[in-house]
Every structure is written in C-alpha cells, then in structure tokens.
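Q: Mind having a look at this structure? Questions to follow.
What follows draws every value from the coordinates through simple rules; no lab data is involved. Since we're looking at a predicted model, the values are computed, not measured. Here Cβ is always computed from backbone atoms with ideal geometry, including for glycine, and neighbour counts include all displayed protein chains.
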Amino acid sequence: MEINFCGRRALVTGAGKGIGRETAKALRKTGAEVVALSRSYEDLESLARECPGVQTICVDLADWSATEKALSSIGPVDILVNNAAVAILQPFLAVTEEAFDRSFAVNVKAVLHVSQIVVHQMIERGVPGAIVNVSSQASQCALLDHSVYCSTKGALDMVTKVMALELGPKKIRVNSVNPTVVMTEMGRVGWSDPQKSKPMLNRIPLGRFAEVEDVVHSILFLLSDKSSMITGSCLPVDGGFLAC
C-alpha cells in the first residue's frame, strides 16, 4: 500500500527525537513539505542536516504566547502530528504541582492550542485536513508511578474524540495512536533491565515492545487517504496489551 503526501504540508511537534523525528523524516520521504517543531535547537539542527528541506521551529510548547508567536506565520498546513510530550513519573503521593502543571501544559493544553492554530487556517482555506495525536496505552490502563502521565493521555484521547466530532463537518479527521513502550533511544535505556521489562512484556501477547517504525507506519496510515473514513479513533499500537 503506497502512501504519498506530495503537495501536502505537514507540521510535526516533538520532532527532535524518537517518534516525532522519524515521523518527520518519513513524511518528507513520502513527498510532504515538513515543518519540524522542537524545544531543542540542537536536535532541530541535526534533523535539518539529516533530512534536507525540513523547515524547523524552536519553541517550548508549554509557553502559550511563545507558541502563538512562533506559529503565527507558519503558513498553510494540511497534516498535523501532535507528538510532543513529557513523561514525569512520580508515585501518586509524591506528585508535585510543578510536574502536574508541566505535564498537562505540554501533553494536553499544547495539543489543543497548536491544533486550534492549524485548524483555523485549514477552515479559512476551505481544505480538508488530517490530525494525529500521539497518545499512549497509558490512557486506558493504570500504571505504577504514572498517575499524572496516565491522566494526561486519558484527557488527550477525549480531546481527540471531541475534535473529531466538531471538525468532521469541516472535513478534518482527527485520530490518535496509542503505543505501548516504544524502543526509542530513551526507551531502550529505560527498559533494558529484564527485571523491569519482563512484567510488562508478559502482558503483551506479541511478546515484544514496539519499534519506532511500528508507530510511524500507523501515523502515516491515519494521516493518509487510505483511512479516509476513520476519525475519532484511538488506535492501539501495543501488541495486544489492552486486549488482556
């Protein structure tokens, strides 16, 4: 199944590393003009060297006014991937106000804000659009020390559904992908200890964690015309974790 985004312009947040970076590269490879957003200037510089032609924007999405300013002249966007997120893990009784506020600011509020900016210009242009929000299996399953993270992803799933409901009449589709543990560079470090990984792997029928390309392929499908009748879905990319 060939997917082609020639003639379309994509914005990917959290594009400096991991899923966001590989999504930006994959979109570019399939013909899209790509705008990559990250709060790390160094990551954006290396992405631009690795993937010539990618436009970069450096901004911390937790800063509402800075985001507004950074995206005010972004130009037309046909495809949006809201990937930027933070994972601050604390036991429930040790959750801090700072961790709570930053987690919701990036994982939920920034998604709403960036989407508003992009959707307004989609509607003004009178064009259809596709949005994918990168959520998590943690939106639907309680995990130790993840009370805030799980809450943000649960909120993100509901934001996704409401966006789909309200934007469908405008021909703008909105879905999420909900991965299990993903073997990004950080994921490999965090889950390399068998004592930590074995209990989680035992809950995944396919017996492995997700590779980055597993998530990227799912994102591309949901952005493409191959999924033109899919909106408001939260697609598990979890090897069956949520089926158990």
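Q: Quick check on my link table: of K17/K161; K17/K171; K69/K109; K17/K109; K109/K170; K29/K196, which ones sit more than 24 Å apart, alpha carbon to alpha carbon?
A: Check vs 24 Å cut-off fails for K17/K161; K17/K171; K29/K196.
Q: Per the helix-only calculation at 222 nm, which mean residue ellipticity applies to the chain, given -39500 (n - 2.57) for every DSSP H run of n ≥ 4 and division by its residues, nearest 500 deg cm²/dmol?
A: Only helices count here, giving -12500 deg cm²/dmol.
Q: Want the number for D101 to E42: 0.36 nm per residue separation, take away the alpha-carbon distance, what's left?
A: Here the segment from D101 to E42 would lengthen by 18.7 nm.
Q: Also, I was wondering about something else. Compute the distance in nm between two label points, each set 7 Å from the Cα along the Cα-to-Cβ direction, one at D63 and one at E50.
A: Here the modelled spin labels are 2.5 nm apart.
Q: Cut-off is 10 Å between beta-carbons; in what order do L167, L223 appear when sorted fewest neighbours first?
A: L167, L223
Q: Run the numbers on the chain and let me know its relative contact order in percent, using alpha-carbon pairs under 8 Å that are six or more apart.
A: 19
Q: Express in nm, to one decimal, how much length is gained between L93 and Q116 on full extension, taking 0.36 nm for each residue of separation and deducting their alpha carbon distance.
A: 4.8 nm
Q: Which of R102, R188, R21 moves most in a GNM of the chain, Cα contacts under 10 Å?
A: R188
Q: Next question, about the same structure. Taking R0 as 45 Å, what FRET efficiency do you get between S73 and D145 from their Cβ-Cβ distance, rounded to the nearest 0.05?
A: Efficiency at R0 = 45 Å is approximately 0.65.
Q: Please get the size of the charge dipole for the chain, origin at its Cα centre, with Cβ charges of +1 on Lys and Arg and -1 on Asp and Glu, quoted in debye to the nearest 20.
A: With Lys and Arg at +1 and Asp and Glu at -1, about 480 debye.
Q: What is the order of S147, S228, fewest Cβ neighbours within 10 Å to most?
A: Starting with the residue having the fewest Cβ neighbours, the order is S228, S147.
Q: Also: Sorting M163, M229 on the 10 Å Cβ count, fewest up front, what's the list?
A: Going from least to most buried by this count: M229, M163.
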